[in-house]
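Notes for the one structure printed next.
The values are calculated or read from the model by the stated rules, or taken from the named source; none is laboratory data. Owing to the predicted nature of the structure, the values given are computational and were not obtained by experimental measurement. Reconstructed Cβ throughout: ideal geometry from the backbone, glycine too, with neighbour counts over all protein chains shown. SASA here: full protein model, heavy atoms, side chains in, ligands and nucleic acids out. Shrake-Rupley method; radii C 1.70, N 1.55, O 1.52, S 1.80 Å.
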Amino acid sequence: MLMILTGMSGSGKDAIQKELTDKFEFERIVTVTTRPMREGELNGKDYLFTTPEPFKKETERDRFIEHRSYNTLVEGKPDTWYYGSLKQMLNPNKDYCIILDIQGAKAFTEYYGK
């Protein structure tokens, strides 16, 4: 099973995902980001952290199911952070969960079927 969580910022998606992974043995699909790692985060567990150039190369190679960019301010300077979900085979005997925006959820349902 693939559980896709969507919702507004602060709506509890992360808390629901934590419950699914802690109590119901769902595996979290780890996505790729170019944003800086925050205190307490681990590369490969929270996100796969990279820089913009390799991320852009992977988009050109069609390696993502979905990807997006967000404009932000870092220390008062404009920056763009990229996020994406790599194409991967999911084990049909496992349950997965992922947090996505609406466009990402649509891309996942198209890629993995309905």
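Some notes on this structure:
- Gln103-Arg61 pseudo-label distance in nm [points 7 Å out on the Cα-to-Cβ vector]: 2.3
- Net lengthening on full extension, Thr6/Thr72 (0.36 nm per residue, minus Cα-Cα): 21.7 nm
- For the chain, a simple Cβ point-charge model (Lys and Arg +1, Asp and Glu -1, everything else neutral) yields a dipole of about 200 debye relative to the Cα centre.
- Restricting segment 1-88 to trypsin sites (Lys or Arg not before Pro) that sit in a DSSP loop and have at most 13 other Cβ atoms within 10 Å of their own Cβ leaves Arg38, Lys45, Arg61, Lys87.
- Carbon/sulfur fraction of accessible area - the chain, other protein chains in place, 1.4 Å, %: 52
- Segment 47-55 - phi-based ³J(HN,Hα) in whole Hz, Karplus 6.51/-1.76/1.60, Gly and Pro as x: 8, 9, 8, 8, 10, x, 4, x, 4
- Taking Thr31, Thr72, Thr21 as the candidate residues, the one with maximal mean-square fluctuation in a Gaussian network model of the chain, Cα springs under 10 Å, is Thr72.
- Whole-number percent relative contact order across the chain, with pairs defined as alpha carbons under 8 Å at least 6 apart: 37
- Net charge of the neighbourhood of Lys87, taken over other residues with C-beta under 11 Å away and scored Lys/Arg +1, Asp/Glu -1, is -1.
- With the cut-off at under 13 Å, measuring from each backbone N in segment 76-102 to a point 7 Å along the Cα-to-Cβ line of Glu41 picks out 81-84.
- GNM flexibility winner over the chain from Gly104, Gly40, Gly84 (Cα, springs under 10 Å): Gly40
- Backbone HN-Hα couplings from phi across segment 65-72 [Karplus 6.51/-1.76/1.60, Hz, Gly and Pro as x]: 6, 8, 7, 7, 10, 10, 8, 8
- Surrounding net charge for Glu27, when Lys and Arg each add one and Asp and Glu each subtract one, Cβ distance under 10 Å: 0
- Cα gyration tensor shape for segment 1-89, rounded if a/c is under 1.5, else prolate or oblate: oblate
- Percent antiparallel among DSSP beta bridges (both partners in the chain, rounded to 5): 55
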